[in-house]
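Chemist: Attaching a single structure in structure tokens format; questions to follow.
The values are calculated or read from the model by the stated rules, or taken from the named source; none is laboratory data. Keep in mind it's a predicted model, so treat the numbers as computed, not measured. Glycine also receives a Cβ, built like all others from the backbone with ideal geometry; neighbour counts cover every protein chain displayed.
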Amino acid sequence: MNTSTLPISLVDSRLHARAARPPTLASLAHANTLALAQAGDHDAFADLYTLHHKRVFTICLRMIRNVPEAEDLTQEAFLQLHRKIAMFRGDSAFTTWLHRLTVNVVLMHMRKKSFSLVSLDQLMDESSDERPARAFGKVDASLAGVVDRVAIQRAVADLPVGYRNVFVLYDVEGFEHNEIASMFNCSLGNTKSQLHKARRALRGVLSARAVMAA
């Protein structure tokens, strides 16, 4: 069955089940490749690039929405990886560490380019006490239904850049609010407010599309 049609919670449970299995030959081979790359083996580093560059490019493209810039940032992320790979100590999964490095590269690029990011402070509802519950790996009932992954991706791409970045970092990449707040140098309340507004905007777009498709 294609996992793109499965509920988020079911996909997540399958991922957890896979994670609980004993190490596979592939995972052991990846660990060996990583160790060789950390020791300065250029062929091993090239193998890491082959294994991970598509995922890194996807993260860059989701955040920047510009193919040439995403390609450049992918290369920059791997340049940073080459410089810093010896710093990886295995405290988290290598993919998590690489994704965080990639996100930081994109955010630094945004700051240098002086993009007009949506202000987190300005977007807070001063009269609202609502706080979004953690939804990573769970089904949001207001988003569940017949909407497929393509529709969600298109709706996310149409979000204002501030909304989109927080949504991608939290609900897609799985970063915690304190990590996102540190990246943007803002408060936890601001990131939660931004996420709440992003989800609300997505619900509106997806609901409207579902009605049109009915």
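Chemist: Test Leu79 against the criterion of being modelled with pLDDT of 90 or more and crowded, with 17+ Cβ neighbours inside 10 Å, and give yes or no.
Modeler: no
Chemist: Would you please list the contacts, defined by Cβ atoms under 6 Å and residues six or more apart or on different chains, that run from a residue in the range 56-69 that is in contact (Cβ under 8 Å) with a residue 12 or more places away in the chain and surrounded by 20 or more Cβ atoms within 10 Å (Cβ to Cβ) to a residue that is polar (S, T, N, Q) and in a helix (DSSP H, G or I)?
Modeler: Close Cβ pairs satisfying both conditions: Val56/Thr74; Val56/Thr102; Ile59/Thr102; Cys60/Thr74; Met63/Asn165.
Residues checked against (1) surrounded by 13 or more Cβ atoms within 10 Å (Cβ to Cβ); (2) modelled with pLDDT of 90 or more:
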site: Arg21; (1), (2): no, no
site: Ser27; (1), (2): no, no
site: Ala35; (1), (2): no, yes
site: Asp47; (1), (2): yes, yes
site: Val103; (1), (2): yes, no
site: Leu107; (1), (2): yes, no
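Chemist: Separate question: Evaluate the range 179-196: report whether one residue or more is over 15 Å from the mean Cα position of the chain (by Cα), assigned to a loop (DSSP other than H, G, I, E, B) and modelled with pLDDT under 80.
Modeler: Looking for residues that are over 15 Å from the mean Cα position of the chain (by Cα), assigned to a loop (DSSP other than H, G, I, E, B) and modelled with pLDDT under 80, one finds at least one in the range 179-196, hence yes.
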